[in-house]
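Since the structure comes first, as structure tokens, the remarks are kept for the end.
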Amino acid sequence: MINLWEFYKSEQWVEPFLIDAIGLFVAASVIFYLLIVISRNKKIKKEKLRVEYDKLIEKLMFLIVFEDTPFSEIKENTEYNLFSKKAYFREVLVESITNLHKNYEGVYARKLEQFYKDSGLTNDSYKKLKSLKWEVKCKGITELAQFNIVEAFDKIISASKDRNKTLKLTAINACIKLEGTRSIIHLTEHPYPIDNWTQLNIIGAFKKHDIGDIQGVEFLLESQNTTVVALGLKLIKELKLTQKVPFVTQLVAKAPNTFIKSEAQSVLLTLTV
């Protein structure tokens with residue numbers, strides 16, 4: 001210990017320490033600079049590829065949507081065959097047809113949905129569902145719901161029980177779009193509290209998809225989760241489901257707490273006046 005203290009006081013260590021520190025700083029700076037250059041080059045390369053891919057995708061979508069070209073002929077396209085197995089091309093492709101699908105209805109929308117299935121992009125979206133990253137899962141769920149892949153309902157509903165708020169809401173909204181009233185049964189068994197913001201988004205999803213008389217919404221009133229009961233009352237009130245008044249009346253008589261009882265009475269007053 002004494003020798004160490006004497007070495008410290010001698011200040012013989014100062015010069016090599018400063019040299020090492022400066023060398024380490026310069027090395028770290030060079031590495032950091034190289035990482036920035038590599039990252040920038042990757043972005044530039046991706047931007048160039050996107051421009052190239054967009055031109056091809058625009059051409060393909062015109063053939064599919066407006067000229068009724070079957071997928072068997074699209075597969076014979078040399079450029080499509082060249083890029084179809086590249087991950088980034090498929091990413092750009094699904095983004096492009098998703099944006100198109102949002103703006104089309106009827107026959108045009110169904111053509112895009114069929115292409116989404118035929119091209120195997122459905123499998124890409126399913127793979128995203130298995131990701132450990134919640135934002136990637138959300139992307140996969142949104143894609144499957146956008147193209148009405150009803151078969152994905154069971155996988156998506158399991159994601160609605162996740163603790164991540166954004167993922168949970170994305171999954172619930174997707175299930176409402178895909179199956180409407182069937183999603184209500186699963187909401188009844190929802191294990192976690194549903195906050196007011198999420199409830200408002202769920203109500204908005206039901207309104208957006210114009211489901212009409214929601215068969216089974218009364219089951220929400222029987223849930224052991226009081227926030228689910230509150231959601232059921234809000235749905236009945238907002239969608240003016242007067243045919244559900246008898247169920248609300250029963251809830252008033254056996255409400256689990258004063259808050260739910262008060263909410264149920266408010267709904268009755270709104271629907272019966």
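The values are calculated or read from the model by the stated rules, or taken from the named source; none is laboratory data. As the structure is a prediction and not an experimental result, all values here were calculated from the model. Ideal geometry is used to build each Cβ from the backbone, glycine not excepted, and the neighbour counts take in all protein chains shown. These area figures cover heavy atoms from the full protein model, side chains too; ligands, DNA and RNA do not enter into them. Shrake-Rupley method; radii C 1.70, N 1.55, O 1.52, S 1.80 Å.
For the chain, the alpha-carbon radius of gyration amounts to 1.54 times the rule-of-thumb value 2.2 N^0.38 Å expected for a compact globular protein.
Helical content of the chain, expressed as a calculated mean residue ellipticity at 222 nm, amounts to -24000 deg cm²/dmol (DSSP H runs of 4 or more residues, -39,500 (n - 2.57) each, divided by residue number, nearest 500). Accessible surface of ASP20, taken over heavy atoms with a 1.4 Å probe and every protein chain present, rounds to 110 Å². Over all projection directions, the Cα-based convex hull of region 58-112 averages an area of 3.6 nm².
The residue list ALA205, GLY232, THR69 was ranked by how far each Cα lies along the charge dipole of the chain toward its positive end, using unit charges on Cβ atoms, and GLY232 comes out on top. For the chain, modelled as a GNM whose springs connect Cα atoms under 10 angstrom apart, the maximal fluctuation among VAL150, VAL65, VAL26 occurs at VAL26.
Dipole orientation for region 16-160: of the candidates ASN123, VAL37, TRP134, VAL37 has the Cα lying most toward the positive pole (charges on Cβ; Lys, Arg +1; Asp, Glu -1). List the longest stretch of the chain that has no exposed loop site; here a site is one of the trypsin sites (Lys or Arg not before Pro) assigned by DSSP to anything other than H, G, I, E or B, with at most 14 other Cβ within 10 Å. In the chain, the maximal stretch lacking such sites is 164-239.
Accessible area per residue for the chain, computed on protein heavy atoms with a 1.4 Å probe, is 62 Å². Cα centroids of region 218-273 and region 22-77: 52 Å apart.
Just the protein heavy atoms count here, and of the accessible area of the chain at 1.4 Å, carbon and sulfur take up 58 percent.
Structure remark: mean-square fluctuation, Gaussian network model of the chain, C-alpha springs under 10 Å; the largest value among LEU169, LEU49, LEU231 belongs to LEU49. The charge dipole of region 1-150, taken about its Cα centre with unit charges on the Cβ of Lys, Arg, Asp and Glu (plus for the first two, minus for the last two), comes to roughly 280 debye. For the set LYS55/LYS127; LYS102/LYS168; LYS48/LYS117; LYS117/LYS240; LYS155/LYS208; LYS133/LYS244, the pairs lying more than 32 angstrom apart at their alpha carbons are LYS117/LYS240; LYS133/LYS244. Once the Kirkwood radius over Cα pairs is known for region 185-273, the Stokes-Einstein relation at 25 °C and 0.890 mPa s delivers a diffusion coefficient of 190 µm²/s. Using only alpha carbons, region 21-179 has a radius of gyration to Kirkwood radius ratio (Rg to Rh) of 1.10. For the chain, a crude dipole built from +1 on the beta carbon of Lys and Arg and -1 on the beta carbon of Asp and Glu, taken about the Cα centre, is about 220 debye to the nearest 20.
Over region 153-234, Cα pairs under 8 Å with separation of 6+ residues give a relative contact order of 30 percent. Each Cα pair under 8 Å and six or more residues apart adds its sequence gap; the mean of these over the residue count of the chain is a relative contact order of 9 percent.
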